[in-house]
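Below you'll find the structure, written out as structure tokens, and then a few comments.
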Amino acid sequence: MRYLKVWKKTAVIMTIVLLTGMFGRVGSDGKIPGVLVVSATTNTQQQINEAEQRRQELENEKNQNEDELQDLKGEQKDLKQELDELNKELTRVVNNLENLEQQIRDKEQAIAETQAALEEAKATEAWQYECMVMRARDMYERKEDNYLVALLARGSLSEILNIADYIERIAAYERNKMDEFTANRIFVEEEEARLQAEKVELDNLKVQAEAEKSKVSGLISQTSNSVARYADQIEEAERRAREYEEQIKKEEENLEYLKKKLAEELALSQAAANAKWRDISEVTFSEGDRHLLANLIYCEAGGEPYEGQLAVGSVVINRVLSSKFPDTVIGVIYQNRQFSPVASGRLELALGANKATAKCYQAADEAMSGVTNVGNCLFFRTPVEGLTGINIGGHVFY
């Protein structure tokens, strides 16, 4: 009986050693990183419950962070729309200002031309007046005492009348010309006054437009700064989301949870292998599938080599082809508790900013065309001891 008790105790210890050797390395502090250590004196179920409670607390914090992230994104979206409207308004104001400046330039040119015409009209009027004075002086101050003496010296009455009529017509012509030049000068002066008044009005409109431009530019600067602040806050929320993901993963990697989860996944993989699979030619991809898959690849394997990115895309398409999973890309990616970037909100952020690289899109295209470098694997995760599969980059595919 004594040897039986010793044997049972030894068996328990060996079981613990084997399990801890399979799923975690012992650190320098004697603990398994990210794994709850099962001891002979501690209730295993209690440890599992405590781990589940910590995981649930992290899930709650992550969900709260996601809600805050959604609020920030909504506010940032509103600000971006406001910024777009302000930019449109600024474009309108700038165009109006440019139009006013062109009108002012045209008006200044017209004023300059009118002023030149006015100077010319004044000179012509002065010249005409001088001509009239000279003719009058010639008529009344020539060697003969006056034109009457000259007329009487002609002899015949008809000749005298003809000369008198000629003189009268010349005088009438000169008066008409003088009146014409005077009227033209007055018209040009009035035109100059009108143009000057219009220019003053345009100058006032320009001042108003410049003030409006300054105001809109200030609003754009202020809104841009607000958008930038929200971008910083969103980046911080995204960072916290990644931290929560890592912490949750560590809590989930306790012995009992990991054994159960891997057993379920391996059983599903086996069932899928024996179930019906569609050919890639039977799949009809929806608009946006490429964008969605490329950004998931970015979130899951953005820092991996291209082979790792293709492998992630292949897992998604394998699920689409398998009768054990949803038959659409969107259905597979958003299936409950399957891809951590979906739960943390990082995928939505990546989609909004289209963070996927050209390599991610290339991997998505190849996977959607039926190319796979992981066979029919349906799962992937960071490697743990005891799990075998296809190792690519920082993931094991199984």
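Which of the residues that make up the stretch 270-291 are more than 16 Å from Val332 (Cβ to Cβ) and in contact with a helix residue (DSSP H, G or I) (Cβ under 9 Å, 6 or more places away or on another chain)?
Asp279
Among the candidates Gly386, Gly345, single out the residue that is at pLDDT below 90 and under 23 Å from the mean Cα position of the chain (by Cα). Give the derivation first.
On the way: Gly386 fails: under 23 Å from the mean Cα position of the chain (by Cα).
Being at pLDDT below 90 and under 23 Å from the mean Cα position of the chain (by Cα) holds for just one of Gly386, Gly345, which is Gly345.
Tell me, yes or no, whether the stretch 382-390 has at least one residue that is among the β-branched types (Val, Ile, Thr), more than 30 Å from Lys77 (Cα to Cα), outside any strand (DSSP E or B) and out of contact with any helix residue (DSSP H, G or I) (no Cβ under 7 Å at 6 or more places or on another chain). Give the steps one after another, and end with the answer.
At the first step, the residues of the stretch 382-390 found to be among the β-branched types (Val, Ile, Thr) are 382, 384, 388, 390.
This time we only want the ones that are more than 30 Å from Lys77 (Cα to Cα), so: 382, 384, 388, 390.
Subsequent filtering for residues that are outside any strand (DSSP E or B) retains 382, 384, 388.
Retained after the next criterion (residues that are out of contact with any helix residue (DSSP H, G or I) (no Cβ under 7 Å at 6 or more places or on another chain)): 382, 388.
Within the stretch 382-390, one or more residues are among the β-branched types (Val, Ile, Thr), more than 30 Å from Lys77 (Cα to Cα), outside any strand (DSSP E or B) and out of contact with any helix residue (DSSP H, G or I) (no Cβ under 7 Å at 6 or more places or on another chain).
Yes/no matrix, rows are residues, columns are (1) of a type in the set (Gly, Ala, Ser); (2) in a helix (DSSP H, G or I); (3) at pLDDT below 80; (4) more than 30 Å from Glu212 (Cβ to Cβ):
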residue	(1), (2), (3), (4)
Asn87	no, yes, yes, no
Thr91	no, yes, yes, no
Asp106	no, yes, no, no
Ala112	yes, yes, no, no
Gln115	no, yes, yes, yes
Glu120	no, yes, no, yes
Ala136	yes, yes, yes, yes
Asp179	no, yes, no, yes
Leu195	no, yes, no, no
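Just for helices (runs of 4 or more DSSP H) wholly inside the stretch 228-331: which have at least 2 residues that are within 22 Å of Lys62 (Cβ to Cβ) and open to solvent by 10 Å² or more (accessible area, probe 1.4 Å)? Give the derivation first.
Numbers: elements: 255-274, 289-301, 306-321.
The helices (runs of 4 or more DSSP H) meeting that bar are 255-274, 289-301.
So which of Ala164, Ala172, Ala150 ends up being open to solvent by less than 60 Å² (accessible area, probe 1.4 Å), at pLDDT 70 or above and more than 60 Å from the chain's Cα centre (by Cα)? So that I can check it myself, show each step before the final result.
On the way: Ala164 fails: at pLDDT 70 or above; Ala150 fails: at pLDDT 70 or above.
Testing whether each residue is open to solvent by less than 60 Å² (accessible area, probe 1.4 Å), at pLDDT 70 or above and more than 60 Å from the chain's Cα centre (by Cα) leaves just Ala172.
The values are calculated or read from the model by the stated rules, or taken from the named source; none is laboratory data. Being a predicted model, the structure only gives us computed values, none of them experimental. Cβ sites come from the backbone with ideal geometry, for glycine too, and all protein chains shown count toward neighbours. Please note that ligands, DNA and RNA were not included when accessible areas were found on the heavy atoms of the full protein model with its side chains. Shrake-Rupley method; radii C 1.70, N 1.55, O 1.52, S 1.80 Å.
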